[in-house]
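What follows draws every value from the coordinates through simple rules; no lab data is involved. Note that the structure is predicted; figures quoted are calculated from it, not measured. Don't worry about glycine lacking a Cβ; one is built from the backbone with ideal geometry, like all the others, and counts go over all protein chains shown.
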Amino acid sequence: MCFFGFAVKKFAKIGLSFFDSPTILKSYLEDDITFDNNLIAVLSSLEKDPQALGSNPLFFLLNKTNEYFDSFKKPLTDEYSIVNVIDSAGAFGYILNLAAAKKLYQYLLPIRFAADEWKIFREHGAIKLKGVIPPVVGLTDLNLDSSIGNDRTDERTELDQQHRKKSFYTELKLGLWRIFIRAPLKKVKH
């Protein structure tokens, strides 16, 4: 099942019908993307992957990631692997399991974030962020004609800043994660 669009607002609007479908994994693909020839094989492998079918809220980015851990790379197919993503931008191709869809639906209402705030969603514990490496979804030249973000200035309001604040527990957890997990592991940056 594919959904076309670009905003979390749209996800929130379709959220209830999103859960009615009997499928466990949901896919989201923008309308201005290119597909790798192996997209179907990757999607089929994800459908059978035990971690994707579990109860953890997993979110699999199909597009390029900014940074991920190479240390925890797990093979998905002969050519593709699943990695733990540290940071990424872009919301044009992903798969999420039912647990992630339900958790994001609860977390994102009221609407207060852009569609691709992956790092915030991960840090706040809304999802476990994974990625498919190498990416199987890319952007077409149509994306260059987009006016979204062309005049992007940081106009965050006080309310925006409040939504981005982390609880003491989250700050402590992130601090310990940065010292004991992130620091010694091999990371890949793009």
| Charge context of Asn38, other residues only, Cβ under 13 angstrom, K/R +1, D/E -1 | -3
| message | For the pair Lys74/Ile181, report the inter-label distance in nm, with labels modelled 7 Å from Cα in the Cβ direction. | response | 1.4 nm
| task | Would you please give the FRET efficiency between Ser81 and Gln106, computed as 1/(1 + (r/R0)^6) with r the Cβ-Cβ distance and R0 = 35 Å, to the nearest 0.05? | result | 0.70
| task | Kindly rank 119-131, 101-113, 50-62 from highest to lowest mean number of other beta carbons found within 10 Å of each residue. | result | 119-131, 50-62, 101-113
